[in-house]
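Enquirer: Right, I'll just put the structure down here and ask away after.
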Amino acid sequence: MAQDWSTRRFSLGQVVITQNAHSALPVQEVRQALTRHSNADWGEACEEDWQLNNEALLNDSRILSVYSTSNGTRFWIITEWDRSVTTILLPQDY
């Protein structure tokens, strides 16, 4: 039976954003990305990361989503393995 990842939910924990991301990203686009992330839409993540994220919903591993703003700024959303914190950051912040 195929798994319906769109129905899997997980806790974001405390949501934090790096200073660089806060300065560079439009608030509404970050909110939209967080909604997508929490609904198992991993955005522009590569196929391998999509699969790892889907598995992480079952085995409590770290989840990484990748998105771009309307002006092309790429950013990541990472939820830690224990679901205690979700961080919004630019790749250079990592």
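The values are calculated or read from the model by the stated rules, or taken from the named source; none is laboratory data. These figures come from a predicted structure and were not determined experimentally. Here Cβ is always computed from backbone atoms with ideal geometry, including for glycine, and neighbour counts include all displayed protein chains. In case anyone asks, the SASA skips ligands and DNA or RNA and just uses the protein heavy atoms, side chains included. Shrake-Rupley method; radii C 1.70, N 1.55, O 1.52, S 1.80 Å.
Enquirer: What number of residues within the range 18-38 are open to solvent by 80 Å² or more (accessible area, probe 1.4 Å) and over 13 Å from Tyr67 (Cβ atoms)?
Expert: Of the residues in that region, 5 qualify.
Enquirer: Could you grab me the full set of residues in the range 23-44 that are farther than 22 Å from Arg62 by Cα and either polar (S, T, N, Q) or in a helix (DSSP H, G or I) (or both)?
Expert: Selection gives Ser23, Ala24, Val27, Gln28, Glu29.
Enquirer: Could you give me the residue pairs with C-beta distances under 8 Å whose first residue belongs to the range 54-82 and is in a loop (DSSP other than H, G, I, E, B), whose second residue is open to solvent by less than 60 Å² (accessible area, probe 1.4 Å) and of a type in the set (Phe, Trp, Tyr) wherever it lies, and which are 6+ apart or on separate chains?
Expert: So the pair list comes out as Thr69/Phe75.
Enquirer: Would you tally the residues in the range 39-79 being open to solvent by less than 60 Å² (accessible area, probe 1.4 Å) and either more than 18 Å from Pro26 (Cβ to Cβ) or of a type in the set (Gly, Ala, Ser) (or both)?
Expert: So the count comes out to 19.
Enquirer: Here is a follow-up. Scan the range 80-94 for residues that are within 9 Å of the chain's Cα centre (by Cα) and open to solvent by 30 Å² or more (accessible area, probe 1.4 Å) and jot them down.
Expert: Thr87
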